[in-house]
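Engineer: After the structure tokens below, expect a handful of questions from me.
The values are calculated or read from the model by the stated rules, or taken from the named source; none is laboratory data. Because the structure is a prediction, the values reported are computed rather than measured. Counting neighbours? That spans all protein chains shown, and the Cβs are built from the backbone with ideal geometry, glycine included. For the accessible areas, the whole protein counts, side chains as well, though only heavy atoms, and no ligand, DNA or RNA atoms are used. Shrake-Rupley method; radii C 1.70, N 1.55, O 1.52, S 1.80 Å.
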Amino acid sequence: MRRRSLQAATLALGLTLGFGCAAGGVGESPAAHQALDELWDFADPAGSAGRFRTAAEGAEGLERLEALTQAARAEGLQRHFAEAFGILAEVDAEVAAAVSDRALNRVAGRAQLERGRLQRDTGDAPAAWESFTLAFHEFIAAEDDALAVDAAHMAGLVAEDATTRLDWTARALRMAEHSEDPAARAWRASLHNNLGWERFDGGEPELALVHFEQGLELRAEAGAEPAWRIARWAVARCLRELGRVDEALLMQRALAADQAAVGEEDGYVFEELGWCLDAFGMQAEAAEQFGEAHRVLSNDAWLAEHEPERLAELAQRAR
């Protein structure tokens, strides 16, 4: 079963680790992209929206439109969907009237990318997939590797069947690996994570472990938290699935100790500790960990809504 905190972190990490950052493609100014990215604070989408609107007011032409696409994304993160779609409609109208060039392709791609995110968040995955693939081709025309990887990665998340999800995610990974753009290459760990979960959910834990371990190595090189801890968790979860419970238990205990040392706790780590201990017949110790997992995870509104049976099982297995 996928780890819900991983998915929530992945959203935040679309946010803190460069997902969707617009580093300069060929012929573009990296400084201009960086200036736009620096306006983002994904922990404060309302503040971000205000900064992007201010940036748009102080800009002209395509720079103004590009800032507006990010304002739309910030509104979407606040679930202000009607307002976000309205901003993108304004961008579309001005793009349609502009003279075509690579910069215009990038802005058009941005509008499609953010429209796809909104469509995904409002439950229209087929429309989102179409928007993401359109965005991908616009970014290819713009020669912007980082945004092309972002669009391909999003297409891989929303495609209806597993084969298409794997194809698009693998395409994104190949682009990231072969790009000279650091922002595109920064996607590699996240894409290995996504491929790992696709393989895991498809009943191929051996292949999943390869991707999880590659992702962990990349996260270790980057030294970024909490992504490194999440990558360690994924490796340990896969090891348990493969019957290598002793290794999984050691990794989860190390994770719990690391988090305790900084005053943090993770219900998903507690949950895995419970399952590992249970596999060794250590029921009392397992029950204690299940109880801790239930205490923490019962505060997760998403889990309560989408996986109530998981919480119920934790409560049943707790002391």
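Engineer: Quote the convex hull volume per residue of the range 144-259, based on C-alpha atoms, as a whole number of Å³.
Structural biologist: Here the figure is 93 Å³ per residue.
Engineer: Still on this model: May I have the convex hull volume per residue, in Å³, for the Cα set of the chain?
Structural biologist: So the per-residue Cα hull volume is 131 Å³.
Engineer: Another question about this same structure. Over the range 37-158, with the other protein chains present, what is the accessible area per residue in square angstrom, probe 1.4 angstrom?
Structural biologist: In whole numbers, the range 37-158 has 41 Å² accessible per residue.
Engineer: When ligands, DNA and RNA are left out and all protein chains stay put, how many square angstrom of accessible area per residue does the range 261-319 have with a 1.4 Å probe?
Structural biologist: 53 Å²
Engineer: Could I ask something else about it? Distance between the C-alpha centers of the range 247-311 and the range 163-214? Whole Å please.
Structural biologist: Computed from Cα coordinates, the inter-centre distance equals 26 Å.
Engineer: Here is a further query. For the range 83-168, what is the per residue volume of the convex hull drawn over the alpha-carbon atoms, in cubic angstrom?
Structural biologist: 75 Å³
Engineer: Moving on. Take every Cα pair under 8 Å in the chain that's 6+ residues apart, average their separations, divide by the length, and report that relative contact order as a whole percent.
Structural biologist: 11 percent
Engineer: How far, in nm, would the chain grow between GLU285 and ASP101 when pulled straight, counting 0.36 nm per residue and subtracting the alpha carbon separation?
Structural biologist: 59.9 nm
Engineer: Still on this structure, please answer the following. Ordering SER298, SER131 by how much accessible area each has at a 1.4 Å probe, largest first, what is the list?
Structural biologist: The ranking, largest first, comes out as SER298, SER131.
Engineer: Using a 1.4 Å probe on the protein chains only, how many percent of the accessible area of the range 76-142 belongs to carbon and sulfur?
Structural biologist: It is 55 percent, rounded to a whole number.
Engineer: How would you order 88-98, 225-235, 176-186 from highest to lowest mean count of nearby Cβ atoms within 10 Å?
Structural biologist: Highest mean packing first, the order is 225-235, 176-186, 88-98.
Engineer: Still on this structure, I have one more. When the gyration tensor of the range 218-319 is built from Cα positions, what are the square roots of 5 times its three eigenvalues, in whole Å, from largest to smallest?
Structural biologist: Each semi-axis is the square root of five times an eigenvalue, giving 22, 17, 13 Å.
Engineer: Determine the calculated [θ] at 222 nm for the chain from helices alone, applying -39500 (n - 2.57) to every DSSP H run no shorter than 4 residues and normalising by the residue count; nearest 500 deg cm²/dmol.
Structural biologist: About -25000 deg cm²/dmol.
Engineer: Tell me, what is the per residue accessible area of the range 161-223 in Å², probe radius 1.4 Å?
Structural biologist: 47 Å²
Engineer: A further question on this structure: Expressed as a whole percentage, what fraction of the accessible surface of the range 158-277 belongs to carbon and sulfur atoms when a 1.4 Å probe is rolled over the protein heavy atoms?
Structural biologist: 50 percent
Engineer: Residue by residue through the range 208-213, which ³J(HN,Hα) values in whole Hz follow from phi under the Karplus form 6.51 cos²θ - 1.76 cosθ + 1.60 (θ = phi - 60°), with glycine and proline marked x?
Structural biologist: Per-residue couplings from phi come out as 4, 4, 4, 5, 4, 5 Hz.
Engineer: Follow-up. Pairs of alpha-carbon atoms within less than 8 angstrom and 6+ residues apart define the contacts here; what relative contact order does the range 226-303 have, in percent?
Structural biologist: Relative CO of the range 226-303 lands at 24 percent.
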